[in-house]
Amino acid sequence: MKKVFTLMVAVSMLSLIACGPSKEELAAKEKAKQDSIAKAQKELAVQDSLTAVAKAKEDSIAKATAKEDSIKAAAEAKKAPKGGKKVKK
């Protein structure tokens with residue numbers, strides 16, 4: 001009876017060990033994890049680049065608008081009479 005019990009314990013331990021993932025499966029899982037991290041970092045870099053381009057475009061538009069406003073203000077200043085209207089007495 002003692003030998004049968006020992007044999008059953010040994011067989012159950014071997015079956016538990018056999019159920020675990022193999023080295024290849026662990027390596028594949030780790031590679032998939034690293035690939036996922038690399039993909040996320042690449043997508044983040046692309047998003048950062050797109051954000052930078054959009055900001056540069058907005059800054060350029062703002063600069064051009066400010067320049068146009070400055071030109072309009074200078075033109076209006078030339079048209080306006082200096083010193084205001086003179087009133088005859």
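The values are calculated or read from the model by the stated rules, or taken from the named source; none is laboratory data. Owing to the predicted nature of the structure, the values given are computational and were not obtained by experimental measurement. Note that we place each Cβ from the backbone using ideal geometry, even for glycine, and neighbour counts take in every protein chain shown. Quick note on the areas: whole protein, heavy atoms, side chains included, nothing else; ligands and nucleic acids left out. Shrake-Rupley method; radii C 1.70, N 1.55, O 1.52, S 1.80 Å.
Does at least one position in region 68-84 carry a residue that is modelled with pLDDT under 90, surrounded by 10 or more Cβ atoms within 10 Å (Cβ to Cβ) and basic (Lys, Arg)?
Yes, because at least one residue in region 68-84 is modelled with pLDDT under 90, surrounded by 10 or more Cβ atoms within 10 Å (Cβ to Cβ) and basic (Lys, Arg).
Does Lys3 satisfy being open to solvent by 100 Å² or more (accessible area, probe 1.4 Å) and modelled with pLDDT of 95 or more?
Taking the combined requirement at face value, the residue does not satisfy it.
Looking at region 37-67 only, could you name the residues that are at pLDDT 90 or above and of a type in the set (D, E, K, R)?
Lys39, Lys42, Glu43, Asp48, Lys55, Lys57, Glu58, Asp59, Lys63
Only residues that are surrounded by 10 or more Cβ atoms within 10 Å (Cβ to Cβ) and among the acidic types (Asp, Glu): list them for region 17-47, please.
Glu25, Glu30, Asp35, Glu43
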